[in-house]
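These notes are about the structure you will find just below.
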Amino acid sequence: MRLERRAHAPLHLVLLAPLAAICAALLLAAGLIAAAGVNPLGAYGEMLRGALGSRLSITEMLTRATPLIFTGLAAAVAFRAKLWNIGGEGQFFAGALITAWIGHTLAAPGWLGVPVLLLAGMAAGALLLAGPAYLRLRFGVDEVVTTLLLNFIVVLFVGLMIEGPLRDPLAFGWPQSVPVDSSFRLPDLIPRTRLHVGLLIGVAAAGLVWLVLARTVFGAETRAAGLNARAAAFAGISLPRTLMGVALLSGALAGLAGSVEVLGVTAGVTTTMSPGFGYAGIVVAMLAALHPAGVVAAAIFVATVFVGADAMSRATGVPSFIADVIVALCLLTMIVALLFTTYRVRR
Amino acid sequence: MTKVLELEGITKRFGALTANEDVTLSLHQGEILALLGENGAGKTTLMNILFGHYAADAGSVRVFGQELPPATPRAAIAAGVGMVHQHFTLAGNLTVLDNLMLGSEPLTRLRSARIAARRKLLQIADRFGLPVDPDARVGRLSVGERQRVEILKALHRDARILILDEPTAVLARPEAQRLFETLRDMTREGLSLIFISHKLHEVMSASDRVAVLRGGRMVAERATAETSPAELAELMVGRRVERPVREAHRTGGPVLVAERVSVGPQGARALDELSFTVQAGEILGIVGVSGNGQAALGALLSGLMQPSAGRLTLAGENVAALGPRGMIRAGAARIPEDRHVEGVVGELGLWENAVLERLRTPTFSRMGFVRRAACKAHAAEIVARFDIRGATPETRTRLLSGGNMQKLILGRVLSSNPRFVLANQPTRGLDEGAIAAVHAELLAARTAGAAILLISEELEEAVALSDRIQAIVKGRLSEPIGADEADPQRLGLMMAGVWEAQAHAS
């Protein structure tokens, strides 16, 4: 048996790969659910009902999908250029923190303040990734290590700030930052739910990212540099500039995730506001095969698992950590599935 | 003579593509058979069937009279067939001895048979004239030495029939000559050999018999002594191919001028005080044995390396520190040494590669957005003008053959009427038809007034194309000689660095 490279990855396989990966991951997780003494089919039924069974649960799921769209885009943009940004979680918190901080002190009308705060969040995320990108370019430091470790530093820094200067005096001792001014809150998309216009911003961002990657000179140069750096350099493309541009875009998207989450949902920052949006963004990007449109769909799937797992846990007693297991398994099965889209098995 | 190997009626299809059709071939005891054909003629597929990597759709393989089961490399090895792949299959972090034993040891054995294996290796090395240090790490060996290890690996498994897939593709000419001498000695020890090639001169000098494949079919078999390069070229390509001839014409003023240019720090210079001038409408050939500074010279003139001393001007403008983009803007067309590594991005479409160097010009982008229609139209023009066969602007670039890929690169750099052309090994690995096409394009650029610097390890090519020739030896350049003074003996002396001795003596 041997693997043979395909001339083209056929479209139907590219579309089929994530579905196959998801099925395989669910099948594997079913073993764990069964081991917990619960009928997997019933458990998955509860999961679906919990995430998609009512109007409220759907809006809750979409609320959860919103930050995943941004962090998924952040990972997709970086990975396409072979910049291994594992720091989406840190960039998320950097964006959230700066948004809460400025949003608490800023005196401006909402139409001006909201864009300012979103931009501030993007800048914070971009700057946080610019450091590791610079270290890689200048000294060849592996960005997987630097971005991953920065996540813990940023979360601890957030903890420090909300225990200290940004502590909310009205929170009765809860570790929570001061809230942003209510005029800066993103309007609800559907009244009396948590779903906010951040979802639309996310979908628009996916469209913009697609436009940048597929239609601009920057996108073309990024693709060339990611696929064959030496040929790109030979053709006169500046690799450092391209990589730094990618880092700023990727970091900005992850920072935007935190900013939108604060303005749309939490108002203030807590260290527990993210159930791993940054890390899950990596899975979202992989399931989307790094395509911006796929990111939106994959974010909805991962959000379904997250929200549904809570409901399943309440109904069946299977720990809701099963959501993390399923999402992690998806990453592994997707990598295998991608292998089969680029290679065919021959005897 | 006894037949040691017989292939009969081999047919192999990959989807719609027929790689081999009804191929019959035999090998006699103690002979060297050359399997000649253009890229894509089905040579490698045929040998992979023989060795058991692929199963044939029809036909049979007999070794020493015994039919081999299909698609079983183990059976082929056991029957005494050894294969030396074009891309070596060695583990660089292991020693020579480890590489030899890898895969031939039964897993169930507890004690390794190293001592016996070492004895056998040294014995084989001695018998076949392939000296090697069993404990050397393969990663530290030169390409020629690695190839020797590959051959030893096959012999270590008691191969009596050896197949070599394009054995000289990675070798410089002296190494290649040495290899063929070794192979000749090996036939005297009773081995029978098949080597795959598309180079006529080595087929003529090294083989006893030639089998020519074209389009998957066996079109001819000849005794080497009874054929000629011209006949073989025609059989291989299917039509008469003649390389274009350089015609004398007047050259213009100096375009690219290097004055005592050095690259690298004092004491470890890759290029040492080079001085040369390329005039408009002239091809200056740089010949030399591989590894004497050609790579650094290519990188310098591509803009990838900066000189540490000296002056480099293009049409009067200092281009020493411009970088690739600056060189392109100054009017330099650069054909890189390795088209897969530096020439194209294989996973991108043909059209994207066609405009990659000039994406930021107003023709191909506006306000940061790529003008896709203009890019594709330009690519379509290149496809038509440079005769890139079977391709459209949308074709994935890595699917192009070597010749078509090189034509794409020529189209990319020559369509803007450059002032200066760097052609670094422009025909390496190409077949006869493509070589003729590349030569014709370079000569056309010369006629149009471009100053061309040709770096080549193929002497015939350098002599045929160049108006003047300089030799590069250990990072230094000889004085130029005119093409009419360039006989093989003089060039050989220049490439050995003999001009330097004269300079010191006088």
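The values are calculated or read from the model by the stated rules, or taken from the named source; none is laboratory data. In this text the structure is predicted, and so the values were computed from the model without any measurement. Cβ: placed from backbone, ideal geometry, glycine included. Neighbour counts: every protein chain shown.
Taking the residues in segment A:231-240 that are at the interface with another protein chain (Cβ under 7 Å from one of its Cβ atoms) and not in a helix (DSSP H, G or I) as candidates, determine which candidate is surrounded by the fewest Cβ atoms within 10 Å (Cβ to Cβ).
A:236
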From the list B:140, B:222, which residue is assigned by TED's automatic domain parsing to the domain that holds residue B:81, within 26 Å of residue B:26 (Cα to Cα) and surrounded by fewer than 21 Cβ atoms within 10 Å (Cβ to Cβ)? B:222
Being assigned by TED's automatic domain parsing to the domain that holds residue B:442 and surrounded by fewer than 22 Cβ atoms within 10 Å (Cβ to Cβ) is the requirement here; does residue B:387 meet it? no
Can you find even one residue in segment B:41-48 that is closer than 29 Å to residue B:200 by Cβ, out of contact with any helix residue (DSSP H, G or I) (no Cβ under 6 Å at 6 or more places or on another chain), surrounded by 15 or more Cβ atoms within 10 Å (Cβ to Cβ) and of a type in the set (Lys, Arg)? yes
Selection from segment B:327-354 of residues surrounded by fewer than 23 Cβ atoms within 10 Å (Cβ to Cβ), more than 8 Å from every other protein chain (Cβ to nearest Cβ) and among the charged types (D, E, K, R) yields B:329, B:337, B:338
With the requirement that a residue be more than 23 Å from residue B:159 (Cα to Cα) and out of contact with any Leu (no Cβ under 9 Å at 6 or more places or on another chain), what does segment B:1-48 give you? B:9, B:11, B:13, B:14, B:15, B:16, B:17, B:18, B:21, B:22, B:40
Which pairs turn up if I take residues in segment A:201-230 that are within 8 Å of chain B (Cβ to nearest Cβ) and look for partners that are outside any helix (DSSP H, G or I) and charged (D, E, K, R) with beta carbon separation below 7 Å, at least 6 apart in sequence or on another chain? A:217/B:360; A:227/B:347
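Residues are listed down the side, and each one gets a yes or a no for (1) assigned to a loop (DSSP other than H, G, I, E, B); (2) modelled with pLDDT under 90:
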{"site": "B:21", "(1), (2)": "no, no"}
{"site": "B:30", "(1), (2)": "yes, no"}
{"site": "B:34", "(1), (2)": "no, no"}
{"site": "B:88", "(1), (2)": "yes, yes"}
{"site": "B:110", "(1), (2)": "yes, yes"}
Confirm whether residue B:77 is within 14 Å of chain A (Cβ to nearest Cβ) and closer than 29 Å to residue B:188 by Cβ. no
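Condition check ((1) in contact (Cβ under 8 Å) with a residue 12 or more places away in the chain; (2) crowded, with 22+ Cβ neighbours inside 10 Å; (3) touching a Pro at 6+ places or on another chain (Cβ under 8 Å); (4) β-branched (Val, Ile, Thr)) across all residues:
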| position | (1), (2), (3), (4) |
| --- | --- |
| B:241 | yes, no, no, yes |
| B:246 | yes, no, no, no |
| B:253 | yes, no, no, no |
| B:268 | no, no, no, no |
Please go through segment B:306-323 and pick out each residue that is within 14 Å of another protein chain (Cβ to nearest Cβ) and either touching a helix residue (DSSP H, G or I) at 6+ places or on another chain (Cβ under 6 Å) or of a type in the set (Val, Ile, Thr) (or both). B:319
Of the residues in segment B:217-241, those that are touching a helix residue (DSSP H, G or I) at 6+ places or on another chain (Cβ under 7 Å) and more than 13 Å from residue B:200 (Cβ to Cβ) come to B:219, B:220, B:240
Please determine whether any residue of segment B:431-440 is without any contact (Cβ under 8 Å) to a residue 60 or more places away in the chain and among the acidic types (Asp, Glu). no
Evaluation of residue B:81 against (1) under 30 Å from the mean Cα position of the chain (by Cα); (2) modelled with pLDDT under 90 (one fails), failing number: (2)
Could you list all residues from segment B:189-213 that are modelled with pLDDT under 90 and among the charged types (D, E, K, R)? B:189, B:199, B:202
Out of the residues in segment B:392-405 that are closer than 20 Å to residue B:432 by Cβ and within 14 Å of chain A (Cβ to nearest Cβ), which is surrounded by the fewest Cβ atoms within 10 Å (Cβ to Cβ)? B:401
List pairs: first in segment A:162-183 and without any contact (Cβ under 8 Å) to a residue 12 or more places away in the chain and in a loop (DSSP other than H, G, I, E, B), second among the aromatic types (Phe, Trp, Tyr) and surrounded by 20 or more Cβ atoms within 10 Å (Cβ to Cβ), Cβ under 9 Å, 6+ apart or cross-chain? A:165/A:101
Working carefully through the options B:72, B:44, B:24, B:18, find the one that is closer than 19 Å to residue B:203 by Cα and in the same structural domain as residue B:222 (by TED's automatic domain parsing). B:44
Within segment B:355-379, restricting to residues that are farther than 11 Å from residue B:395 by Cβ, more than 8 Å from chain A (Cβ to nearest Cβ) and assigned to a helix (DSSP H, G or I), the one that is nearest to the chain's Cα centre (by Cα) is B:355
With the requirement that a residue be within 23 Å of the chain's Cα centre (by Cα) and surrounded by 19 or more Cβ atoms within 10 Å (Cβ to Cβ), what does segment A:213-226 give you? A:213, A:218, A:219, A:222, A:223, A:226
Give me the residue from segment B:66-84 that is among the small types (Gly, Ala, Ser) and either touching a residue at least 12 places away in the same chain (Cβ under 8 Å) or crowded, with 18+ Cβ neighbours inside 10 Å (or both) and, out of that set, nearest to residue B:163 (Cα to Cα). B:82
State all residues of segment B:429-460 that are assigned to a loop (DSSP other than H, G, I, E, B) and over 17 Å from residue B:244 (Cα atoms); if no residue qualifies, say none. B:429, B:449, B:450, B:457
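Can you tell me which of A:226, A:278, A:219, A:268 is assigned to a helix (DSSP H, G or I), at pLDDT below 95 and in contact with a helix residue (DSSP H, G or I) (Cβ under 6 Å, 6 or more places away or on another chain)?
The conditions single out A:226.
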Read through the list (1) surrounded by 18 or more Cβ atoms within 10 Å (Cβ to Cβ); (2) in contact with a Ser or Thr (Cβ under 7 Å, 6 or more places away or on another chain); (3) assigned to a helix (DSSP H, G or I), then give the number of the only condition that residue B:232 fails. (2)
Out of everything in segment A:190-200 that is free of Cβ contacts under 8 Å to residues at least 40 places away in the same chain and not charged (D, E, K, R), what residue ends up being surrounded by the most Cβ atoms within 10 Å (Cβ to Cβ)? A:200
Taking the options B:37, B:103, name whichever one is more than 27 Å from residue B:189 (Cβ to Cβ) and either of a type outside the set (S, T, N, Q) or touching a helix residue (DSSP H, G or I) at 6+ places or on another chain (Cβ under 9 Å) (or both). B:37
Can you work out which of the residues in segment B:54-65 that are outside any strand (DSSP E or B) and surrounded by 18 or more Cβ atoms within 10 Å (Cβ to Cβ) is farthest from the chain's Cα centre (by Cα)? B:56
